[in-house]
Every structure is written in structure tokens, then in C-alpha cells.
Amino acid sequence: MARISSFGSEKPMDTELPATKEKVIFIEKNCTLFLSSTMSAIETKEQVTLKLMVIKVRNKVLFAEASKDFVDVLFSFLTLPLGTIARLVGKESNMQPCKVGSLWSLYQGVVNFEKEFMFNNTCKEMLLRPKNSMENYCNSLKLNIDDTGSTRYFVCNRLCCCQFKSSVLLSTFKNQRCSCGDLFSKPISLERSDTFVGFVKNSVSFLITDDLKVVPNSVGNLYCLLKNYGIEDMSLASEVTVSITENQVLDLLKSCLHSKTTLTDCFLEKQIFETSFRNIEFPSCDFDANGTSKINVRIMHRKSNGKILFAEGKEDFADFIFSFLTIPLGGAVHLMKGCCCSGNIDGLYKSVVDLDDDFWATKEVKNKVINPSLAPQFKLSNMLLPINYDVPKYFCCVEYIDDGRIKRKNYRYNFDAESVRTRYLTDRAVNVFMGSCFAAEFVNRISDKWNEGYARGPTMNIVTDDLVVSPMSSISVMSLLHSMSIPFSDLEEKVVSIGMEEGVRILQASLTSTSALTTGLSHLLTEVKEKVRVNKSFRR
């Protein structure tokens with residue numbers, strides 16, 4: 001049997017410095033945010049123990065027996081934005097860096113995209129380091145490989161003087177311009193009185209198969225597993241205990257996106273999986289596209305084989321492709337009706353859906369993992385794909401404090417204005433008088449009266465078959481065609497409309513194919529494919 005190895009890693013853990021005298025308090029349900037000094041980090045080692053049942057003669061993992069800590073790690077993969085996944089799997093670990101379909105080329109295209117063609121300086125940060133709407137759950141895990149960093153909140157630097165009428169604006173990005181003319185530069189760090197405890201209950205043990213199907217640990221489930229694998233002789237199996245660190249969690253992420261035998265490839269150090277991708281015929285899905293908008297693009301494809309070389313569209317097409325990086329993996333699989341066809345992701349997702357509510361921390365947590373939301377400020381108003389977007393509602397309550405020596409005016413941001421009033425009446429050391437409460441909303445970071453989205457408009461953009469987005473340039477197009485050695489006579493253009501169905505197909509293909517446009521829009525090129533088939537038959 002191949003060698004089982006364990007590795008050590010370090011995980012940053014925040015530690016709080018003394019808060020400054022000035023405080024601006026935010027409350028989201030039971031959460032309070034204080035204006036404080038910058039947090040420093042210390043390093044700590046974390047490990048999770050996993051028991052493997054290995055079939056020695058096959059050098060294969062039959063199943064793993066795991067506690068909450070490991071299952072939470074697996075389920076957290078579904079909360080990661082696709083841009084985060086593209087960045088993480090490109091890192092070194094025990095396994096080599098790898099690429100996920102066309103996501104890697106899309107991500108690198110954003111890295112190389114010229115800033116002057118972006119709507120503002122923050123757009124690249126939003127796409128290359130997208131926020132996880134469930135980061136508070138993931139930050140509570142023993143092993144969290146997401147290096148994006150915790151969300152920071154900002155309010156107007158002149159909040160006390162800012163004259164707001166209908167709502168107060170918040171931002172997760174520094175130096176956004178407030179309606180008063182000043183900047184969102186006053187940082188607010190999160191201090192929570194409630195507790196996030198991951199995804200599943202602490203008292204439950206689970207069985208995890210090699211293809212990442214997760215079920216509660218029971219005799220019935222064990223019997224079904226042994227029967228399905230045809231295990232008759234128990235002496236063929238042996239128990240191996242491994243210690244999982246962040247390095248191996250990254251291996252797990254890489255493996256589950258590519259391999260159908262994730263645990264074997266990750267822990268028995270089997271041959272490295274291939275990172276080349278084949279085109280996949282996706283299961284047909286019914287899409288309710290009534291009332292959804294469409295994007296018109298001009299595609300250039302080859303007559304000889306129907307392969308799309310690139311597509312040309314306005315800034316809305318570029319924004320649509322860019323937005324893939326902000327979509328959580330679970331949200332993408334939800335759109336695809338559970339069929340993304342990437343490694344063992346579909347099996348993992350089905351396990352989440354099928355796992356009984358009793359095993360989850362709360363039913364709300366389960367629903368969030370099944371269909372994770374976009375993070376605040378990441379939704380386009382003209383978003384083609386119906387990605388879940390559930391942003392907490394806030395209120396800004398003005399309080400007047402009189403401690404007998406000085407009177408001052410504070411602003412409290414809270415989830416429930418009435419609960420704050422009750423708290424003031426029952427728990428206060430000084431005289432506090434409540435003033436008015438206003439709605440507090442996140443400012444739209446990627447929109448103003450001239451522009452909507454990531455790409456600056458009006459402009460035309462080119463998207464290659466592997467989803468590299470760039471501003472339209474005739475010279476670049478000619479260079480691309482020259483590099484492919486494609487004669488002009490083999491080129492043909494066609495105008496197509498991309499709606500929700502086509503959008504989901506391209507998103508599906510981006511996870512599995514380096515020809516995302518050709519794979520995703522193949523149903524629009526049936527006439528071309530039929531001509532190719534007839535010509536080949538005629539030559540025979």
C-alpha cells in the first residue's frame with residue numbers, strides 16, 4: 001500500500017487590540033461591530049483527524065469515518081466563489097497546481113485586463129478576491145483554506161455630519177464616494193456576540209465514500225456501502241488514521257474538482273490526476289427563462305469543425321463572463337440542477353441536499369449551503385443568471401447620551417431597530433435617548449448614473465473560447481487567427497442571443513472544458529455541426 005503521510009500547516013488567528021475611545025456600533029441580529037484598531041495575527045497549528053478504511057489489495061479508500069470538523073470542511077467548498085477556487089487550486093500543495101476548466105484562463109484574463117477598461121479600481125479586487133457570503137461560518141472551522149480575508153466594513157468619514165434622507169450607506173470597500181461628497185474611509189471591524197459553529201451538528205459521526213457521498217454513520221449505511229462495493233472478506237480492509245492540515249484540504253479541493261476517487265487520490269498518493277479536459281455532454285435541464293433578459297453577441301467559428309474561436313459583445317457580455325468568478329460553487333451547481341459534471345462535486349452537492357435537517361446546525365444553514373448567496377455589493381442589476389442574493393437589512397439609529405458631564409450623539413447600526421430600543425431601556429449605565437431610525441443599505445460599488453458593471457462602457461469586448469476577456473482590438477484578433485493558422489475561408493460569423501439557458505450552459509462548461517463557448521453554445525450551432533457531419537460522410 002502506498003505511504004500515508006501527514007503534513008503541518010499554520011493558520012492565522014485574529015486577536016483583538018484595545019478599542020479606541022470612539023465607537024460606532026453595528027448590530028446584525030446578535031452581532032456588534034466596533035470601530036477598532038487594526039487586528040494583528042498570530043500563527044497557530046490546526047489539524048483534523050480522519051479514519052480511513054483502505055482495501056489493501058486495490059490500494060483504494062473504501063470510506064472514511066469523520067466527525068463534524070472534516071465534514072464542515074467538505075461542505076465549505078460549496079460556499080467558495082469560483083474566483084477563489086481558481087486562485088486556490090493554482091497554488092502549490094502536496095499536489096501540483098491545477099486548472100479548473102476555463103476558470104483559470106478567465107481568472108488570468110482579469111489579472112491582465114487593463115485597468116483603464118475597468119469601471120473603477122475596485123473591480124479587479126472584487127473579481128480576483130471575491131467575498132464569501134458565508135465567511136462567518138467558514139471562519140469558525142478548524143481548517144479554512146480561503147485566504148481572501150474577512151470582510152471589512154466602512155462608513156462615511158463624516159458620518160456625524162452627513163445629511164442623509166432616506167437611507168445611510170455602508171460599503172465593504174474603502175474610499176467609495178458617499179452622496180455627501182466624502183469617502184467611506186471609517187473602518188468598522190466585526191465583534192460578534194452570537195456564535196457560528198460551522199454547518200453540521202457536533203455530536204454526529206459520518207461515513208464518506210471515495211466519491212464524496214456523505215451519510216450519517218450507521219449500521220444500515222455501512223451495510224449498503226459494503227454491499228455496493230462487493231466486500232465479502234473483512235480482512236481485506238485495514239484502518240489508517242491520518243491528520244489533515246490546511247495543505248491537505250487544498251489537495252482535497254483540487255482532487256474533488258477533477259477526480260472520481262477523491263479520497264484515494266488525496267491520501268494514498270496515487271498518480272496525479274490529469275488536468276486536461278474533455279468536452280462533456282451535459283444532462284438536459286429545463287429553464288424557466290420567461291421574462292429574463294438576453295445578450296446579443298457575434299460569434300466567429302470555424303466552418304470545418306464548428307469550433308467557436310471568440311465572441312464579440314458589449315460591456316454587458318464582458319460583465320456576464322466576469323461575474324462567473326463571484327458565483328459560489330454551490331450556487332452554480334444549484335443553477336445547473338445538481339449537474340456540473342466536475343469531479344465529485346455533484347455527489348457532494350447531492351449529499352448536502354439529501355442529508356436530513358436533524359444533522360444540520362440549523363435548517364437555515366442547510367438552505368444556505370444548498371444555494372449560497374452572492375456577497376453584498378456583488379450583484380449586477382442586469383444579472384443574466386438568477387443567483388441568490390440575500391443581504392441583511394440594517395437600520396441606523398441615532399442615540400443621544402447624557403452622562404451628566406457631556407452630551408454626545410452616536411450612531412448605532414442594527415438589524416432590528418426595535419430590539420435596540422428594548423436593550424437601551426433594560427441595560428444601560430447612562431441616560432440614553434433614542435432618536436430617529438433610518439434604513440442602512442450597501443452602496444452599489446459597480447454602478448453609477450453612467451455605468452453598470454465591471455467593464456467600462458460603451459466599448460466592445462472579445463471573449464475567447466476559454467473565456468479570456470479583452471477589449472476589442474483588430475490587431476489582436478488578427479494575431480489570434482494567425483497563431484491558430486486558420487485560413488480566412490474557414491471562418492464564419494453568426495449573431496446569437498444568450499439567455500438564461502445559454503448562460504447556465506457556458507457556466508457549466510467553464511468548470512469542465514477549456515472550450516467553454518463551443519461547449520456551452522453547441523446547441524446554437526447545430527446547423528454548422530450537421531454540415532460538418534455531412535461533409536465527413538461524403539468524403540468517406
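The values are calculated or read from the model by the stated rules, or taken from the named source; none is laboratory data. Every value quoted in this text rests on a predicted model; they were computed, and no experiment measured them. Every residue, glycine as well, gets a Cβ built from its backbone with ideal geometry; the counts of neighbours run over all protein chains shown.
Selection over the range 209-254 of residues that are on the phi > 0 side of the Ramachandran plot and free of Cβ contacts under 8 Å to residues at least 40 places away in the same chain gives a count of 1. Scanning the range 192-217 for residues that are under 18 Å from residue 358 (Cβ atoms), of a type outside the set (Val, Ile, Thr) and in contact with a Leu (Cβ under 8 Å, 6 or more places away or on another chain) yields a total of 4. Going by the structure shown, is residue 486 surrounded by 12 or more Cβ atoms within 10 Å (Cβ to Cβ) and over 18 Å from residue 115 (Cβ atoms)? Yes; evaluated as a whole, the condition is true for this residue.
Being in a strand (DSSP E or B), aliphatic (A, V, I, L, M) and modelled with pLDDT of 90 or more holds for only one residue in 504, 463, 432, and it is 463.
This table checks each residue for (1) assigned by TED's automatic domain parsing to the domain that holds residue 56; (2) of a type in the set (Gly, Ala, Ser); (3) at pLDDT below 95; (4) in a loop (DSSP other than H, G, I, E, B).
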site	(1), (2), (3), (4)
202	yes, no, yes, yes
225	yes, no, yes, no
235	yes, yes, yes, no
271	yes, no, yes, yes
286	no, no, yes, yes
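Could you tell me whether residue 320 is crowded, with 22+ Cβ neighbours inside 10 Å, more than 14 Å from the chain's Cα centre (by Cα) and not assigned by TED's automatic domain parsing to the domain that holds residue 105? Yes. Looking at (1) within 20 Å of the chain's Cα centre (by Cα); (2) without any contact (Cβ under 8 Å) to a residue 12 or more places away in the chain, which is the one condition that is false for residue 115? Here residue 115 meets the rest and fails (1). In this entry, residue 217 passes the filter for residues that are in contact with a Phe, Trp or Tyr (Cβ under 6 Å, 6 or more places away or on another chain) and at pLDDT 90 or above.
The residues of the range 105-127 that are touching a Ser or Thr at 6+ places or on another chain (Cβ under 9 Å) and not polar (S, T, N, Q), listed by number, are 106, 109, 113, 114, 117, 119, 126, 127. A count restricted to the range 104-150 and to residues that are of a type in the set (Val, Ile, Thr), at pLDDT below 90 and either in contact with a helix residue (DSSP H, G or I) (Cβ under 8 Å, 6 or more places away or on another chain) or buried (at least 20 other Cβ atoms within 10 Å of the Cβ) (or both) stands at 0.
Which one is farthest from residue 75 (Cα to Cα), of the residues in the range 202-239 that are surrounded by fewer than 17 Cβ atoms within 10 Å (Cβ to Cβ) and β-branched (Val, Ile, Thr)? Going through the qualifying residues, I end up with 231. Just one of (1) touching a residue at least 24 places away in the same chain (Cβ under 8 Å); (2) under 20 Å from residue 504 (Cα atoms) fails for residue 302. It is (2).
In the range 123-146 there is at least one residue that is more than 30 Å from residue 208 (Cα to Cα), touching a residue at least 40 places away in the same chain (Cβ under 8 Å) and of a type in the set (Asp, Glu). If I filter the range 3-18 for residues that are of a type in the set (Val, Ile, Thr) and modelled with pLDDT of 95 or more, do I get at least one hit? Looking through the range 3-18, none of the residues is of a type in the set (Val, Ile, Thr) and modelled with pLDDT of 95 or more. Could you please find all residues in the range 151-175 being at pLDDT 75 or above and part of a loop (DSSP other than H, G, I, E, B)? Hits for the range 151-175 are 151, 152, 157, 158, 172, 173, 174.
Taken over the range 353-373, the criterion of being β-branched (Val, Ile, Thr) and either outside any helix (DSSP H, G or I) or buried (at least 21 other Cβ atoms within 10 Å of the Cβ) (or both) is satisfied by 362, 369.
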